Each structure stands twice: as C-alpha cells, then as structure tokens.
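A.B. asks: Below is a structure I'd like to ask you about.
The values are calculated or read from the model by the stated rules, or taken from the named source; none is laboratory data. What you see is a predicted model; the values in this text were computed from it and never measured. Here Cβ is always computed from backbone atoms with ideal geometry, including for glycine, and neighbour counts include all displayed protein chains. Ligands, DNA and RNA are stripped out before the accessible areas are found, and what is left, the full protein with its side chains, is counted by its heavy atoms. Shrake-Rupley method; radii C 1.70, N 1.55, O 1.52, S 1.80 Å.
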Amino acid sequence: MRDQPSHLPPPEDVLEIGAPEQFAALAHPLRQRLLFALGHRPATTSQLAVQLDAQKGNVAHHLKVLRNAGLIHVAETRQVRGGTEQYYQRTARCMVVAEPQAAGTAAMLAAFAQELDLSPAETHLTLRHLRLSPAKARELGETLAQLVDEAEEDAEDQPLHGVLVALYQQALPTGTTSST
C-alpha cells in the first residue's frame, strides 16, 4: 500500500479568478495556506492538517469551500480501513485574478498579510509608484508575469514561498482629469 498517489500535474496551467465564491474562498488565510500546500502534490485532509498544524475538521471545512469554488478537486481516491481517502489537488498551477473587485481584493490582501505575519523567514514587500507609458506598463506587467512563471523551483525538501505580483495604474484624486 502506498502513502502517496502518483504525482499528476494540475489539469489546468492557469485559472482565472472572477466568481464571487472564488474571491470568498480566497479570503481566508487557512484556505490560502491550503492552496499553497496543494501546489506541488495531492494530499489528504489528514496530511494537510498535520502539515499546517490545524484541526482536521477545520481543514475539511475549508477544503469543501475551496472545492465548491472550483479551486481544488479530488485528484485520486483510495480505500483505507473500510473508508475512502480523498487526495485533493489544485485545479490550476497558477491562479490569476482577471478583473479584481474591491471586496475580493481586500479579503485576499488581508489573507496575504496574515501569511506574511506567519512567515518564519524574512519577507520582501515593496510598494513603488512609477510614471510609465501604457506600453512600458504593459511590458513591465509581462516581464513580471514571465519572471514568476519561469522561476525554477528547488527540490521538494526546500521551503515553500508565496509570490504575489500586482501592477496597477494609480487612480487620480476625485475631481482631477488625466492629461492623456
């Protein structure tokens, strides 16, 4: 009897996040941690509870929310002691917020902030404002996306790191018109 199912990559490379239930699912820090944990291989509720030092029932609830939102799926099942054990996996390697919405973005950033607080290592967080033409902004966005997509991963025994990339045009103050 094996301890792990055979490793299968997520069925999708990129999943666009846009549905309200997806934003709601991403708003909880434990669900963010579950998605991180499921980034490389399928795992059971029990395995995730141990890995994340969380209650099994709590993990099961949050897995259900993620599954209902279409962010994870059951990748494999196996029979154990008269029951069925389910191995969960992310539905996509990368998740992209297609059209950010204020409430969903705020919830996701709050969960991200809690992840930063839990990090045992030094974190890197930078906010910088740049004056860029639309062409240069598009080029920077493409370069950032490519940098993250092409980052080579180390062996599985190395720590897992989260990466959040955002590029946005700063809104003008109310009553101000753009010069473009």
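A.B. asks: Based solely on its DSSP helices, what 222 nm [θ] is calculated for the chain when runs of n ≥ 4 H residues each add -39,500 (n - 2.57) and the sum is averaged over all residues, nearest 500 deg cm²/dmol? Please report the intermediate quantities before stating the final value.
C.D. replies: On the way: 6 runs with 70 residues, N = 180.
It comes out at -12000 deg cm²/dmol, rounded to the nearest 500.
A.B. asks: Something else: Given springs between every Cα pair under 10 Å in a Gaussian network model of the chain, which of ARG138, ARG67, ARG31 has the largest fluctuation?
C.D. replies: So, out of ARG138, ARG67, ARG31, the one fluctuating most is ARG138.
A.B. asks: Also, quick follow-up: For Cα extents along the principal axes in Å, which listed value, [x] 69, 32, 31; [y] 83, 43, 25; [z] 60, 39, 28, comes from the coordinates shown?
C.D. replies: Of the listed options [x] 69, 32, 31; [y] 83, 43, 25; [z] 60, 39, 28, [x] comes from this structure.
A.B. asks: Here's something else I'd like to know. Let me know the charge dipole size of the chain about its Cα centre in debye, to the nearest 20, where only the beta-carbon of Lys, Arg (+1) and Asp, Glu (-1) is charged.
C.D. replies: On the way: 15 positive and 21 negative charges, 119 e Å.
So the magnitude is around 580 debye.
A.B. asks: Keeping the other protein chains in place, figure out the carbon and sulfur percent of the accessible area of the chain, with a 1.4 Å probe.
C.D. replies: About 52 percent, which is the carbon plus sulfur part of the accessible surface.
A.B. asks: Over the chain, what relative contact order in percent results from Cα pairs under 8 Å that are six or more residues apart?
C.D. replies: Values: 173 pairs, mean separation 48.0, N = 180.
Computed value for the chain: 27 percent relative contact order.
A.B. asks: GNM, the chain, Cα, under 10 Å: largest mean-square fluctuation among GLN32, GLN101, GLN170?
C.D. replies: Maximum fluctuation in the GNM of the chain, among the listed residues, is at GLN170.
A.B. asks: Over the chain, what is the percentage of antiparallel beta bridges among all DSSP beta bridges, to the nearest 5?
C.D. replies: Working: 9 of 14 bridges.
The antiparallel fraction comes to roughly 65 percent.
A.B. asks: How much accessible surface does SER119 have with a 1.4 Å probe, in Å² rounded to 10?
C.D. replies: Accessible area of SER119: about 40 Å².
A.B. asks: Follow-up. Run the 1.4 Å probe and let me know the accessible area of LEU172, rounded to the nearest 10 Å².
C.D. replies: About 90 Å², rounded to the nearest 10.
A.B. asks: Here is a follow-up. Using the alpha-carbon atoms, what tilt in degrees (0 to 90, nearest 10) does helix 102-118 show relative to the longest principal axis of the chain?
C.D. replies: The helix 102-118 is inclined about 60 degrees to the chain.
A.B. asks: Give the longest segment of the chain that steers clear of GluC sites (Glu not before Pro) in DSSP loops with at most 14 neighbouring Cβ atoms within 10 Å, not counting the sites themselves.
C.D. replies: Working: sites that count: GLU122, GLU150, GLU152, GLU153, GLU156.
Result for the longest clean stretch: 1-121.
A.B. asks: Then there is this: Which of GLY83, ALA151, LEU38 sits farthest toward the positive end of the charge dipole of the chain, with +1 on the Cβ of Lys and Arg and -1 on the Cβ of Asp and Glu?
C.D. replies: The Cα lying farthest towards the positive end belongs to GLY83.
A.B. asks: Which one, VAL14, VAL163, VAL65, has the greatest fluctuation when you compute a Gaussian network model over the chain with C-alpha springs under 10 angstrom?
C.D. replies: VAL163
A.B. asks: While we're here: As I understand it, the value is the acute angle between the Cα axis of helix 56-68 and the longest principal axis of the Cα atoms of the chain; what does it come to in degrees, rounded to 10?
C.D. replies: That works out to roughly 60 degrees.
A.B. asks: Also: Before I look further, what does the chain give for accessible area per residue, probe 1.4 Å, in whole square angstrom? Please list the in-between numbers first.
C.D. replies: Details: 12920 Å² over 180 residues.
Dividing the accessible area of the chain by its residue count gives 72 Å².
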